[in-house]
1. For the stretch 472-539, which whole percent of the accessible surface, found with a 1.4 angstrom probe, sits on carbon and sulfur atoms?
2. Would you mind getting me the FRET efficiency between Asp31 and Asn556? Use the beta-carbon distance for r and R0 = 51 Å, nearest 0.05.
3. Give the cross-link partners of Lys387 among the aspartates and glutamates, using a straight C-alpha distance below 15 Å as the criterion and excluding same-chain residues fewer than 8 apart.
4. How much accessible surface does Asp431 have with a 1.4 Å probe, in Å² rounded to 10?
5. Which value in nm describes the separation of the simple spin-label points at Arg513 and Arg817, placed 7 Å from the Cα toward the beta carbon?
6. What are the lysines whose alpha-carbon lies under 21 Å from the alpha-carbon of Lys696, with same-chain residues fewer than 8 places away excluded?
7. Put +1 on the Cβ of every Lys and Arg and -1 on every Asp and Glu Cβ in the stretch 705-754; which of Met737, Gly747, Tyr726 then has its Cα farthest towards the positive end of the dipole?
8. Restricting to DSSP H runs of at least four residues, report the calculated mean residue ellipticity at 222 nm for the chain, -39500 (n - 2.57) per run over all residues, nearest 500 deg cm²/dmol.
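The values are calculated or read from the model by the stated rules, or taken from the named source; none is laboratory data. In this text the structure is predicted, and so the values were computed from the model without any measurement. In this analysis, Cβ positions are derived from the backbone assuming ideal geometry, glycine residues included, and neighbour counts consider all displayed protein chains. Side chains included, ligands, DNA and RNA excluded: accessible areas come from the protein's heavy atoms. Shrake-Rupley method; radii C 1.70, N 1.55, O 1.52, S 1.80 Å.
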Amino acid sequence: MSEQTVFLDVILPLPLQNRYTYRVPRDLSDDIELGKRVVVQFGKTKVYTAIIAHIHNTAPDQYEAKYILSVLDQTPIVNTVQLELWSWMAKYYLCSQGEVMNAALPAGLKLASETEMTLNPEFNGEHSILTDNEFLVWDALRINERLTITEVMRILNLKTVMPVIKSLMDKGALLIDENLVERFKPKMETYVRLGERAEAEEDLEAVFKTLERAPKQLELLMAHVLLSDRYGERKEVRKKELLEKVNGVSGFSELVKKNVFETYEQEVSRVERFFAGNGSGETKIKFNEHQHRAIKEIKTGFENKEVTLLHGVTSSGKTEIYIQLMEEALEKGKQVLYLLPEIALTSQIINRLKVHFGGRIGVYHSKYSNNERVEIWNAVIEGEGLKYDVILGARSAVFLPFNNLGLVIVDEEHENSYKQYEPAPRYHARDTAIYLAGLHKAKTLLGTATPAMETYNNALHGKYALVEIFERYGDMVLPEIQIIDLGEAIRKKEMASHFSSALVELIGKALERKEQIILFQNRRGFSPVLECYLCGWIPECKNCDVTLTYHKASHNLRCHYCGYTLDSPKRCGACGDTNVQSKGFGTEKVEEDLAHFFPKAKIARMDLDTTRAKNAYEQIISDFEERRIDVLIGTQMVAKGLDFDHVSLVGILNADSMLGFPDFRSYERSFQLMAQVGGRAGRKNKQGTVVLQTYKPNHHVVQNVLKTDFALQFKQELEHRKQFDYPPFTRLISVTMKHKERQTLDGAASLFVNALRGRLGKRVLGPEYPSVSRVRNLYQKVALIKVEVKASIQNVKDILNEEIDNFRLNKDLRSVRIIVDVDPM
């Protein structure tokens, strides 16, 4: 045991700029290791789980170090590479390591400090000074001794109980205590094995004879023997499985009492396990010459560069190339991280990957429960029993504790879903994955049919290797694209609701041929607004400066920013007229109108409203694959790499809503979305058709989609970006300031930005109110910092941090929130 006093620098799950130092009691010195969790007190009453980030023998100068309370882990749950990644993310994205820790660790690994209440023994018991609610809490404490906040909420049937608790404290009736609560609970299941009386074969024969007069018990014993034989070496079976086999519980307890059966609890996994193909050769991929060339060029690229961009048109066979490279990485004993932009994609990709990798695949994303995520985390660390070499997941998968990462694949790398917006860290999973791969000395493959401007520019300038495939797999031709001029169609009276006559006709023909259709409308809900026909009144959110979206299914108006809802008004809120009409259209209205035209068609919707449940994505995709759905209507979810065999027609109902979005990336994103949605058509066996409805048929983006000309789109967009100093010619940092009072925000924003401009000059733009100037009752103003590519962005970040610190010294303005977003999307 060390004679010197040991100190720890720990990462607390709080937005602190510095790590905090604690002292280690001598009896815990041997248990200390980087990456383990320790329980510490921070402040007067709060207790937290912290991660050990540094071990040393130097006491802090500014404060007396408190002792840690306990060490939670036998082995580290975070490795040194992760700690290095967290440190980089905090520095690059201008946040704290505590915020990174909060994003990285599954909630089940973070112990919660839960407030508990006990009766104050010194309380004189004078009930008359207590209100009815206070007496209910006091009486419950008298019976139960301890209560949590959650239990008090349940007793009082109230959501806000703190005023009651505070009043009881003020009256001296109760005391508050903070206790740590372990959130992760392993799933336990009861197993059955043969007891002492039936372990030996001769004993078992004797038991069979004695049970001849107890048919139920005999049936149970026979079922157990059959099940245990089926599992080979294993001599026990699940109790649930055994009882299902005999359709009942009768006789089971008697066999346990007779020592014929013995039961015990065993930890089991909540996570679904995948199994490989049947070994019939179906796992062998047949590559065409273009894929062979691409694989060869990717390997050559990896010899010279850490990152390779695979730019392949839709349906060019990129996934098969990924599988080949993954197999080669696994043969070398390496781990693979396969990132996807949407949870919806995991179910389709899993079906393709499990044939090759079976139980070696783990899936990790936010739809999993906290306990399931902890199991995946532990399986990546330990690799005992449950071991994953391939992790398939959305952006949060970059935080898993890989110890031997060899390959990172970022599919659909252009997707803005890889960007985390709220809360901090506001990281981009693609860029974080590239840095993570570098820490492991692994290679990164970025794949897409429509690369991001910055990514393609990096490839052209030699920062990344570039591999391109311009041919579809199996010589399938790209879809035929028909552009419908909506202005002309309306003039000629060729519109039926929001569908051109050409689109309606093509839908009808596709349905007759038993083919499937995808319709894309990048707005959910029934209609964007309700409007009074007489005076023009439009219902608005009371918390945000936006109009409310009408949802017909729930017959209410909803704010898509804060969730505020309002019953659909029968009269105008201003003039009282009853003629309140819906304007515009969302996916709900498309679904309703289409059902009028094609009443026999099976129509489904895939948007945020229909995919909130855990397995909703998988169910919709499965139904569409199994042809239980004829027409799938969706938002941008349907544009993200889904592969369906029988889709012959794709309709883009309104291209202009994307083109007119007030953002310098709107043309880039419009091209990507339209090209990706169009790529869903005719993916197998025959050419598909894409119908693109627009009021701007001659717009250069629409024409580039028509020609499937990414190179021209890139060139035009690059000229536009260069002219106005946008990425890839500059790096951006967005600074958003928020406050509940507009006047306070105006003064604070001017003060802060003027100070920043005094040091950074013309690089600073703003502050300005964005198009939605108030969200959740907070007004917001945005300033933008443009940093030249050749300049040091770290120096700019240091100056920004200094000015934020200076601003916070002003006590009158501390209530103003400052949110920094590096590389905003």
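1. On the way: 1760 of 3430 Å².
That share works out to 51 percent.
2. Values: r = 55 Å, r/R0 = 1.08.
The value I calculate is 0.40.
3. List returned: Glu272, Glu372, Glu375.
4. 40
5. 5.2
6. Filter leaves Lys492, Lys493, Lys583, Lys707, Lys715.
7. The Cα lying farthest towards the positive end belongs to Met737.
8. On the way: 25 runs with 282 residues, N = 825.
That comes out to -10500 deg cm²/dmol.
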